[in-house]
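The values are calculated or read from the model by the stated rules, or taken from the named source; none is laboratory data. Keep in mind that this is a model prediction, so the values were computed, not measured. Here the Cβ is made from the backbone with ideal geometry for all residues, glycine too, and neighbour counts use every protein chain on show.
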Ligand code: ATP
Ligand code: MG
Ligand code: FE
């Protein structure tokens, strides 16, 4: 079956088309340039941009896949979590397509979709697998017995998300928004051991994270060293602190739950140092690592279509056409 996925939880209007778990098209229109000068995503601007981009992006995905609307067997849409107004545009569009085409609608969880997307690249997910979701709004360790049916939260950040920390530190360093890719790039010319930044909650025995102390430590360091600091060294040392804690806790979770497959998803999974260190530590621990290519880590429609395909395959009943958008949909609610 062919599933059309619609993603509008933040600034990306993402449209994905899959046949089973084969990716046919993944088209993205982003309003990020309109938000950059505000240093963050402006909800009203994002909603309007989704409205403008929706049908052209669907059209271009269909053209890319060589399909017509009539070929679509199901619609999947991000129902939450995310920006309320932005989600609403996607959910309304999804209902319209489902009703107009007479096909089932699946309202899905954006975070579970960040996990499901890996199947498009690396095939079926091992059952169970351990998933670390690190994105702009979330940082969680998840035990995933079956991405269509059950996601269990093992731990999460008690303050800032990993991506949020990247974005805030980038701002302190005068790098553009969103900061993650800029820090990643700047760090390549610096040393991860130049500055000993704190590793929050690293050894507290939980599977939770904390990044706000690190963010504050970087801000203090920048204040103190002003003009004489090396941006590459600060970027690399900050990045090392984040990925050190992330990978340590992810492998601790694997060991505690006796799981030998680790999947990393969400925008921060695009980070080159996280990918390298995770590979190194997984190899040492005998854990198989799966990380989607960077373009599938950040928000996209293919991830939503991928999760929709899992729900169809599992024979899960479609969503009613009355589903709301839920800006704070919990990670354990895979579909609505
Ligand atoms: P959520 O998925 O929690 O709702 P979101 O959808 O805004 O949040 P994503 O699109 O999954 O988040 O990820 C965006 C985040 O990923 C941003 O914080 C961005 O800075 C970060 N990011 C993107 N690329 C990189 C990178 N190479 N290194 C570090 N962080 C990155
Ligand atoms: Mg985004
Ligand atoms: Fe996301």
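Filter segment 216-249 down to the residues that are farther than 19 Å from residue 269 by Cα and in contact with a helix residue (DSSP H, G or I) (Cβ under 6 Å, 6 or more places away or on another chain) and list them by number.
Residues satisfying the conditions are 218, 219, 222, 231, 232.
So that you can scan it fast, the table gives a plain yes or no per residue for (1) out of contact with any helix residue (DSSP H, G or I) (no Cβ under 9 Å at 6 or more places or on another chain); (2) crowded, with 23+ Cβ neighbours inside 10 Å; (3) under 21 Å from residue 24 (Cα atoms):
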{"residue": "68", "(1), (2), (3)": "no, no, yes"}
{"residue": "71", "(1), (2), (3)": "no, no, yes"}
{"residue": "78", "(1), (2), (3)": "no, yes, yes"}
{"residue": "88", "(1), (2), (3)": "no, no, no"}
{"residue": "94", "(1), (2), (3)": "yes, yes, yes"}
{"residue": "107", "(1), (2), (3)": "no, yes, yes"}
{"residue": "112", "(1), (2), (3)": "no, yes, yes"}
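What's the total number of residues in segment 67-115 that are at positive phi, more than 16 Å from ligand 2 (Cβ to nearest atom) and in contact (Cβ under 8 Å) with a residue 12 or more places away in the chain?
Total meeting the criteria: 0.
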(request) Answer yes if at least one residue in segment 144-160 is on the phi < 0 side of the Ramachandran plot and within 16 Å of ligand 2 (Cβ to nearest atom), and no otherwise. (result) no
(request) Please state which one of 148, 194, 131 is in a loop (DSSP other than H, G, I, E, B), within 20 Å of residue 261 (Cα to Cα), touching a helix residue (DSSP H, G or I) at 6+ places or on another chain (Cβ under 7 Å) and modelled with pLDDT of 95 or more. (result) 148
(message) Looking for something surrounded by fewer than 20 Cβ atoms within 10 Å (Cβ to Cβ) and over 30 Å from residue 30 (Cα atoms) - is there at least one such residue anywhere in segment 287-299?
(response) yes
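For segment 67-79, indicate whether the set of residues that are under 21 Å from residue 253 (Cα atoms) and touching a strand residue (DSSP E or B) at 6+ places or on another chain (Cβ under 7 Å) is non-empty.
No, because not a single residue in segment 67-79 is under 21 Å from residue 253 (Cα atoms) and touching a strand residue (DSSP E or B) at 6+ places or on another chain (Cβ under 7 Å).
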(request) Please tell me if residue 272 is under 17 Å from the mean Cα position of the chain (by Cα), surrounded by fewer than 18 Cβ atoms within 10 Å (Cβ to Cβ) and in contact (Cβ under 8 Å) with a residue 12 or more places away in the chain. (result) yes
(message) So, in segment 1-48, exactly how many residues are away from ligand 2 (no atom under 12 Å from the Cβ), under 21 Å from residue 96 (Cβ atoms) and touching a residue at least 24 places away in the same chain (Cβ under 8 Å)?
(response) 13
(message) So residue 262 ticks every box in (1) part of a loop (DSSP other than H, G, I, E, B); (2) more than 30 Å from residue 59 (Cα to Cα) but one. Which box is left unticked?
(response) (1)
(request) State yes or no: is residue 125 more than 16 Å from ligand 3 (Cβ to nearest atom), over 15 Å from residue 299 (Cβ atoms) and assigned to a loop (DSSP other than H, G, I, E, B)? (result) yes
